[in-house]
Structures are given as structure tokens and as C-alpha cells.
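Working notes, beginning with the structure itself.
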Amino acid sequence: EYGIDGFKFDGGSVDMYTPSNIKNGEPSDDHDAIAMNIAWNDFGTSYKFHEFKDTFKGGGKNAIQRICDRGHKWDDDGINTLIPCMIAQGLIGTPFICPDMIGGGQWTYAQDPDFNVDEELFVRMAQASALAPMMQFSWAPWRVVSKENYQYIVDASQLHKKMSDKIISVI
């Protein structure tokens, strides 16, 4: 009716339903945190296009599962975890994988005046994500990287588009 195909369902993780994280109202006595997360995911999957950061018992469902926020860094919770996390998700039955947002998923970076985009890291995150079922950017690449590095990101995006039928056929 409104021309909306789907939604990004951020949040909804089990820890959001614990009493210490509820800001408005009181925790419900008739549902525990796991049941609330499952209900959130059942609601979201009613839309053809959707994406979740948190799904409990999401394996085998038609849920597009995004890896939890990765840092804009090379190690710790950065790019070094993308491929291992995607493999782990596939092994537990979640075929519709979305690596975290290219560039890193921490929204707080935009509020840090000392933060600088590592262009090579941004490019490498795009390249690591190119053969995943979904690519998602944290920032518009043309706004944060040089023209040369932007072309590498375009190339990764074109590879994703070129391989999309093959990617879909194997999931």
C-alpha cells in the first residue's frame, strides 16, 4: 500500500528485554526475553525483505541475519571476524547472511570528532562482503574515500551484482 518492500529490524536482542534495559514501562510477566526475541523475529519475517541483527533460534528460517556490529578496525571485533562469523552463521543454519555494515557498524563513530575512515579497511570490508548474500554500507563510500578507492568499492559491488544469481542459487 505504501510502496515499502521491507525493513531493517535493528535491536530486539535478548538482552534488550531484561529489566535493567527496559526504559519505558515494566517487563511483561507473560513472556521471557527469549520469547520476546522470537516474537520480534516472527513479526519481521512477515515482510519479504527484512534484516535482523539479532535472531534467537533463527537457523533454518527465512531471516536475513546481519553479523553483530563490527569495529572499524583490522583486529579484535573488526574485519578479521567477518569471514569466520559468516562461516559460523552458515554452519548453524543461517544462509541469508549479511556481514556487518561495510566500514563498521558502530554508529558512535559519527559522533567522535577524532575519528578518521581508514580507506583501505573500508575497501577490504567491501571486498570481503562482495560474495555474501547482502552488502550494506555504514557510510556512503563516495563521501569517505578517494576516487581511486571508491572504484575498488564499485568493483566489489559489481562483482556482488554479477554473482547474485549464483549466490541466491546456493543459499
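Straight-distance candidates among the lysines for linking to Lys61, with alpha-carbon spacing under 28 Å and chain neighbours fewer than 8 residues away dropped: Lys8, Lys48, Lys53, Lys161, Lys162, Lys166. Listed by chain and number, the aspartates and glutamates placed with their C-alpha closer than 19 angstrom to that of Lys147 are Asp118, Glu119, Glu120, Asp155; residues fewer than eight positions away on the same chain are left out.
With both labels modelled 7 Å from their Cα along Cα-to-Cβ, the Trp142 to Ser169 distance reads 3.2 nm. Quote the FRET efficiency, to the nearest 0.05, computed for Lys162 versus Cys68 with a Förster distance R0 of 22 Å and r equal to the Cβ-Cβ distance. Efficiency at R0 = 22 Å is approximately 0.20.
Extension gain for the segment Asp114 to Asp5, taken as residue separation times 0.36 nm less the Cα-Cα distance, is 35.5 nm to one decimal.
Label point of Ile34 set 7 angstrom out along Cα-Cβ; within the range 92-125, amide nitrogens under 20 Å from it belong to 92-94.
Restrict the search to the range 72-168; then list the trypsin sites (Lys or Arg not before Pro) that DSSP places in a loop and that have at most 16 other Cβ atoms within 10 Å of their Cβ. The partial results should precede the final answer.
Working: sites: Lys73, Arg124, Arg143, Lys147, Lys161, Lys162, Lys166; in loops: Lys73.
Those that pass, being in a loop and sparsely packed, are Lys73.
Under a 5 Å amide H cut-off, with hydrogens placed 1.01 Å from N, Lys73 pairs with Ile79 among residues at least 5 apart or on other chains. The label point for Ile83 and the one for Phe43, both projected 7 Å from the Cα toward the Cβ, are 3.8 nm apart. Among the chymotrypsin sites (Phe, Trp or Tyr not before Pro) found in the range 91-134, those both in a DSSP coil and sparsely packed, with 14 or fewer other Cβ atoms within 10 Å of their Cβ, are Phe115. Restricting the calculation to Cα atoms, every distinct pair contributes to the Kirkwood radius of the range 62-171, found to be 14.2 Å. With Rh defined as the Kirkwood radius, the inverse of the mean 1/r over Cα pairs, the Rg/Rh of the range 110-157 is 0.98.
Rule-based calculations on the coordinates, nothing more; no lab input. These numbers were taken from a predicted model, which means no experiment stands behind them. Here the Cβ is made from the backbone with ideal geometry for all residues, glycine too, and neighbour counts use every protein chain on show.
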